[in-house]
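The values are calculated or read from the model by the stated rules, or taken from the named source; none is laboratory data. Everything numeric in this text was worked out from a predicted model, so none of it was measured. Cβ: placed from backbone, ideal geometry, glycine included. Neighbour counts: every protein chain shown. Each accessible area value is taken on the protein alone, full model and side chains, heavy atoms only, with ligands, DNA and RNA left out. Shrake-Rupley method; radii C 1.70, N 1.55, O 1.52, S 1.80 Å.
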Protein chains: 2
Amino acid sequence: MVTQSWEAKAEKARERLARSIAKEWLLDKSSCPSHGRLNVMDVPEESGRLSVEEILITNSDASGLVSKMEIGEWTAEQVTVAYLKRATIGHQLLNMATEFMVEDALAQARALDEYYRQHKKLVGPLHGVPISTKEHISHKGRLVHASYVALVDNVAAEDAFLVRLLKASGAVFHLRTNEPQTMMTGDTENNLTGRTKNGHNLRLANGGSSGGEGASVSFKCAAIGLGTDIGGSIRIPAAFNGCYGFRPTACRLPYGGVFLPGEGQESIRCVIGPLTRGIDDIELLMSSVLVQKPWEEELSLVPLPWKSAATSKNITIGVMWSDGIVNPQPPMQRALRMTVEKLKAAGVTVVDFEPYKTAEAMDIITSKQGSIFDSSLDNLLTYIALFFPDGGKTQWDLLKQSGEPVYQQSRAMLEIAREITVAENWAYNARRDALRNEFHSLMTQRGVNVILTAPYPGAAPLVGTVDYGVYTMLWNMLDMPALVMPVGLTVDPTLDRKSPSYQTISEYDKGQFDKFDAEDSVGAPVCVQVVGKHFRDEETIAAARIIEVALARTAVVPAL
Amino acid sequence: MVTQSWEAKAEKARERLARSIAKEWLLDKSSCPSHGRLNVMDVPEESGRLSVEEILITNSDASGLVSKMEIGEWTAEQVTVAYLKRATIGHQLLNMATEFMVEDALAQARALDEYYRQHKKLVGPLHGVPISTKEHISHKGRLVHASYVALVDNVAAEDAFLVRLLKASGAVFHLRTNEPQTMMTGDTENNLTGRTKNGHNLRLANGGSSGGEGASVSFKCAAIGLGTDIGGSIRIPAAFNGCYGFRPTACRLPYGGVFLPGEGQESIRCVIGPLTRGIDDIELLMSSVLVQKPWEEELSLVPLPWKSAATSKNITIGVMWSDGIVNPQPPMQRALRMTVEKLKAAGVTVVDFEPYKTAEAMDIITSKQGSIFDSSLDNLLTYIALFFPDGGKTQWDLLKQSGEPVYQQSRAMLEIAREITVAENWAYNARRDALRNEFHSLMTQRGVNVILTAPYPGAAPLVGTVDYGVYTMLWNMLDMPALVMPVGLTVDPTLDRKSPSYQTISEYDKGQFDKFDAEDSVGAPVCVQVVGKHFRDEETIAAARIIEVALARTAVVPAL
C-alpha cells in the first residue's frame, strides 16, 4: 500500500467540503466585498442574493423561527434554505465550514413540514431550527477528524447523543464548522481547511477552538451553534464574534459522541454547549435537551431537570474588575463600567468582587511544578497541562502519524506539556476540589449570586496574538456555568485610549498592555461574561437576562 | 531524636483505646462467655449488666429512639449511657473499638437534654441517636491514622463534614471502630488494635473494611454506624454480621474529612454510607443529611434532595442468581430462593436477570492488562488496581515508614497492583462509562427496576478466608446504589449441603465450592443484596422495603 502524503490526505477534506457546497448559492465575483474591506457582516444583505423573507428568517433567532413555523407562516424547508444560502456566503467570506449537509438538511426539513401538515403541530420545541456543529461533534456515517490530518478517513458510527436528542426536538443540521489543530488554541486554523476569519474585522482573530461556530452564529449561518469548551473554547469565539456563548456546568449536557482523542480525562471536563444570538435560545436549547432526560442514557450526567429560574432583580452581582494578573483593556473596562452603571440605574445590587486565588487555579489547571507565574512565559494558553497529563503524547502521536506541520500555537503548548503520574493527578484533583469549595463558600459569604467579569482582556485581538485564557479557564477549573454576551459596544479608538500613566500589575499585564492598540481592533464587538454558581445554570441565565434588560432599559429615554 | 519502633508507636494506639474505656462497664470474669462458646451475641442480656430499660434502649433502632425521646420517655443521656455500656461489652468480646468518646458523648447528650427541656422539642431528626464511626472518619482534635502505624500521631483538624452535619441533626458520637491495614481487605485486622471478631461465631470473619462498624451495629453498640465502601467495605461486614448496609450512589453523601491516603482518586469513588438495624434508619440518615444541602459546601456532591420513593409493589425485581463466575453457595442460594418465593407470594413481579459482562467490569476495576480471568489467581479481592493506580506506592511508602509488618492480604494486593499511566487511566474511565451506560440501558430494556443478588458467595467464612469481592465490587464499578439486608436465615448444615453432582462454572467457582463447608459457618446470618439504578437511591430503599414486607408477610399464618 502506498502511504499518502499529509497533503494528499488534507486535500480529501477540502474536496469533501468543496463538493458539499451548493455552487448556485455562492456570491459571484461582483458581489464579493472589495479587497481591503474589513467588516463583511452585511454582505449577505447587500449582495441581493437573499430575498427579503430570507433576510427576515436569518435575522430571526431560534425562538422566533419556531413561533413562525408554529403558525404556519414559514416552513422548515424555507427556513433551512435561507440558512443554507446565508451559510454558503458566510463560508465564502470567512472559511468557516468543514462540510455542508444540504441534502440531509433539506430531507429533514421536508419531513418536518410533512409532519406539520399531517398533525397540525410541531415535532418539538426546536422544530425546523437550523443548528451548526463544531466538526468533532459526530454525525452518523460522516467523517469526523477533530482537525487531525491523520484521522481524515475516520467515520462516525453514530450521531453524537446531543445531535440525536436535538433531532428528536425537531432541529435541522445543515452545517459543520472549523476548529484548530489540537483543539486547544484560542484561534481557529488547521492543515485541513485552513483558517476561519472574523467577519467584524478580517484582520482580527476569530477565536477558538469553536471558532467555526462563532463565525456561523454571528454571521447568522445557523440559529444555534454547538461548540465545546474545556478552557474557553465556546466563550472566546463568542466574545470575539459578538454572539452569546454558554458553558454549562459539566455533566448537564450529554457529551457522548464528541470525538476528541484522549477521552476519559475527567479532571477538568470538556463540555458541550450552545452559541446563540440571544439568551432565550440558550434556555430553549438547554430545556429541549434536558426534558428528554439524557441521564437515562449517559450515566455520567447528573439527573437535574431544567428549571427556569425566575428573573428577579433581587440578586447581587459581584463585579470582578480584574483577575488579579491581567487587567482588562480600555474597551473591556468601558463595557464593564457601562454594564455596572446600567445595572445600578435599574436598581440591581452590584458590588465589587475581589479575585480569589487566580494563580492557584491556574497552577492546578496547568499542573506545572511550582507556579506558572514564577516563570517568564508569555502565553498563558500554552500551559494547560492538566488537559494533557500524558504530556501531549496523544496529540504528538497523531500529528506525527500524518506528518502534518505543527502550528506554533500547538507546538508551544505540547512542548511544555509534561507527563504527570496518576498520583500527581490525584493531588491536583484534591487541590481543585478544595478551591472549588472555597470559591463557592466565598460567594455565599460575600452574598454574591453571580459574577460579572471579562471573558478576555479585550475584544478580538489581531490574528495570531490570542494568548491569555485565564478569564475563561478559571471557570472551567471551578466548574461554574459561564455565559458570554455582547453589551452593544464595539472597540472605538477615540474612546479606548491607553492611559500613559497606567501601572501594570504583573509581567503578563505589561505584555497585554504593551501590545494593545485600539486601532487594531476597531469595530470588534465587546462582550462580558456572567458566571454563576456550580450547577446553577438556570440562575446564571436568569442573571444574564437581568443584565440584558438593564442594558436595554436605560438606553430608552425614561418616561416623564 | 530517637526514632520510635513500630511497636512503640502501635502501643500508643492501644493505650489511647485502653484509657478511653470506662472500666466500670466492663464485664467481670464471671460474666464473660466460656471459652469455646462461638455465639456471644446475647452476652449483654445474659450478663445482667444492663437494666431492662437499657436493653430496651439498645434493642431500639434510631427511629424508635427518637420517637421515645420526642415524647420525653427517654433522655439522650440515658440512651447514650445504655449504648456506651453495651459498646464496652461489645468491645470486650469482639475487639471492635479504636476509641471510646465517653466524655464528649455524655456532654453532647446532656446538651441535647437541656435543649429539649428548654424548647420542648428535639434538636433535629437524629436527636440523641448514638452513632459509631469507622476510625478514618475524622473527629476534630482526635487522632486519625487510617490504621497505619506511621500515622498514629496524626490529629484531625476538623470533624468530617458528615459528622458535623449529623451533629447538627442531634446525633451523638460515642465510639470509633476498627478497620484493616490498607483499608482494602475484606476482613478487619491491623497492627494497632488487632483483629475484630464476629459475634455470631467467633471463628468466622467479621468482614471489612468497615468491620468495626459491622460488629458495632449488629451487637447494638450504636444505633447507626458510618462506614466507607469502595469495593464492598460497608456491605461485606453488614452481610457477615447480619445487619443492614447501604452504599449510596457516589456524590450523594458528603465525603470530606474521610482520611484515606491517596485522596483525589475519582475513577472509582470511595463513598461513605450507613450500617443500621433496619431500612427506616438508612432513610432517616440519608434524609437528615440531604435536607441540609451538603452540596452547598462540598461541590463534588450532586444537588439532589432526598425524595422518599413510594413503596409500590408495582416494580419488577430481577434476580441475578449468579455473577457468572462464582455461583452462590447453598445457604445463599436458599436465602435467594426463599426471598423470591415470598416476593412472588406477595404478588411482586420477579424475573431472572442474567449477569452482564461481569468479567469486563472486573477487568476495568482491576486495570489488569488482559483479563484477570485468564490468570490462575485465587483471590479476587487482590487485583483492584484501579484503586491503586500508583501501583500501591502510597500504601507501601506508609507501611515502610513505620516498618510495621505487612499482612499477607495487604501484601498480595499491593504486590500485584501495577502503576498505570494517566493515559491508561483515561482508557479505563472510558470503558467504565461505556459499561455503566450499557448496564443501565439493559435494565431498562429488561424492564427491571432493581436487582436482587448475593452480597458474597456465602455467609461469613472462616477468619482469613475472605477472598471474593465481585458481588460487591461490581456495583462500585457501575456506581449503583446497593443495600445489604438480612433475610432471617442462618447457615444450617442440615439444610445447606453441597450437592456432590454440582458442576463448577469456573476455576474460581471450583475454589469457592471446594472450600465451602456449612459446618464452618454454622449460625452465620445470611443476607441478600438489593441493587438499584444509578442515582435511584430512594427507589432502591423502597424496593428493599417491599422485600422486607414480603419476607415478613408470608411468615405470618394467612387469615382464613
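Quick notes
- Calculated label separations, A:L442, copies of the chain, 7 Å along the beta-carbon direction, nm: 4.6
- For segment A:512-540 versus segment B:409-446, the inter-centroid distance based on Cα atoms is 40 Å.
- Within the accessible surface of segment A:316-553, defined with a 1.4 Å probe on protein heavy atoms only, the carbon and sulfur portion equals 52 percent.
- Accessible area per residue for segment A:316-553, computed on protein heavy atoms with a 1.4 Å probe, is 35 Å².
- Within the protein assembly as shown, percent of DSSP bridges classed antiparallel, to nearest 5: 65 percent
- For the pair A and B, total buried accessible area rounded to nearest 100 Å², probe 1.4 Å: 2900 Å²
- Which of B:C32, A:C243 is most accessible, then next, and so on - probe 1.4 Å: B:C32, A:C243
- Shown in residue order for segment B:129-144 are the 3J(HN,Hα) couplings computed by the Karplus curve 6.51 cos²θ - 1.76 cosθ + 1.60 at θ = phi - 60°: 7, x, 10, 9, 10, 4, 3, 7, 8, 5, 10, 3, x, 9, 5, 8 Hz (x for Gly and Pro).
- Listed values for segment A:401-416 are Karplus-derived 3J(HN,Hα) couplings in whole Hz (6.51 cos²θ - 1.76 cosθ + 1.60, θ = phi - 60°), namely 4, 8, x, 5, x, 9, 5, 4, 4, 5, 4, 4, 6, 6, 6, 8, and x replaces Gly and Pro.
- DSSP beta bridges in segment A:316-553 [antiparallel fraction, %, rounded to 5]: 60 percent
- Normalised by the number of residues in chain A, the mean separation of alpha-carbon contacts (under 8 Å, six or more apart) gives a relative contact order of 16 percent.
- 10 Å Cβ neighbours from other chains, averaged over peptide A:264-272: 3
- Mean-position separation - Cα centroids, segment B:248-307 and segment B:82-114, in angstrom: 24 Å
- Peptides A:154-167, B:129-142, A:248-261, B:37-50 ordered by packing proxy, namely the average of other Cβ atoms within 10 Å per residue, highest first: B:129-142, A:248-261, A:154-167, B:37-50.
- Counting only other chain Cβ atoms within 10 Å of each residue's Cβ, the peptide B:294-303 averages 5.
- Of the peptides A:7-15, B:282-290, the ranking by mean beta-carbon count within 10 Å, highest at the top, reads B:282-290, A:7-15.
- Overall dimensions of chain A, expressed as equivalent-ellipsoid semi-axes from the Cα gyration tensor (√(5λ), whole Å, largest first), are 33, 29, 25.
- Inter-label distance, nm, simple model (7 Å from Cα along the C-beta direction), A:E415/B:T349: 6.4 nm
- Amide H contacts of A:L462: A:A205, each under 5 Å away and 5 or more positions distant or on a separate chain (H built 1.01 Å from N in the peptide plane; Pro and chain starts excluded).
- Under 5 Å, built H, 5+ apart or other chain: amide partners of A:I315: A:T349
- Lysines whose Cα lies under 23 Å from that of B:K344, excluding same-chain neighbours fewer than 8 positions away: B:K313, B:K533
- Net charge contributed by nearby residues that have their C-beta within less than 11 Å of A:L143 (K/R +1, D/E -1): +1
- Were the residues from A:A22 through A:D153 laid out at 0.36 nm apart, the gain over their Cα-Cα distance would be 44.9 nm.
- For A:169-178, mean number of other protein chain Cβ atoms within 10 Å: 0
- Shortest-first nm distances, A:A345 label point to equivalent points in other copies (7 Å, Cα→Cβ): 7.9
- Using a 7 Å Cα-to-Cβ projection, A:I55 label spacings across copies, nm, ascending: 9.4
- DSSP-defined antiparallel bridges as percent of all bridges, chain B, nearest 5: 65 percent
- Converting phi to 3J(HN,Hα) with the Karplus coefficients 6.51, -1.76 and 1.60 and the offset θ = phi - 60°, segment A:496-506 yields 9, 7, 6, 7, x, 8, 4, 9, 6, 9, 6 Hz in sequence order, with x at every glycine or proline.
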